[in-house]
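Data first, discussion second: the structure below is written as structure tokens.
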């Protein structure tokens with residue numbers, strides 16, 4: 001991807017599930033961040049489906 005001059009973006013969700021019902025990053029943030037970094041991800045888009053709004057400031 002980068003060799004072609006493109007940026008690499010990935011989608012996640014700050015909750016237990018994504019909006020489509022796949023597993024979210026809650027409880028796995030450190031693992032997911034390390035994986036994204038090892039994959040040289042340029043952008044991460046996080047939605048908040050199924051997330052508790054009171055947890056978002058933490």
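Please name all residue pairs, on different chains or six or more residues apart, with Cβ atoms under 6 Å, provided the first residue is in the range 3-16 and is over 15 Å from residue 29 (Cβ atoms) and the second residue is loosely packed, with under 14 Cβ neighbours inside 10 Å and at pLDDT below 90.
8/1
Is it the case, given these coordinates, that residue 19 is touching a residue at least 12 places away in the same chain (Cβ under 8 Å), in a loop (DSSP other than H, G, I, E, B) and surrounded by 14 or more Cβ atoms within 10 Å (Cβ to Cβ)?
no
Could you run through the range 26-45 and say how many residues are surrounded by 12 or more Cβ atoms within 10 Å (Cβ to Cβ) and either part of a helix (DSSP H, G or I) or at pLDDT 90 or above (or both)?
9
The values are calculated or read from the model by the stated rules, or taken from the named source; none is laboratory data. Remember, predicted model here, so these are calculated numbers, not experimental data. No Cβ is skipped: glycine too gets one built from the backbone with ideal geometry, and neighbour counts run over all protein chains shown.
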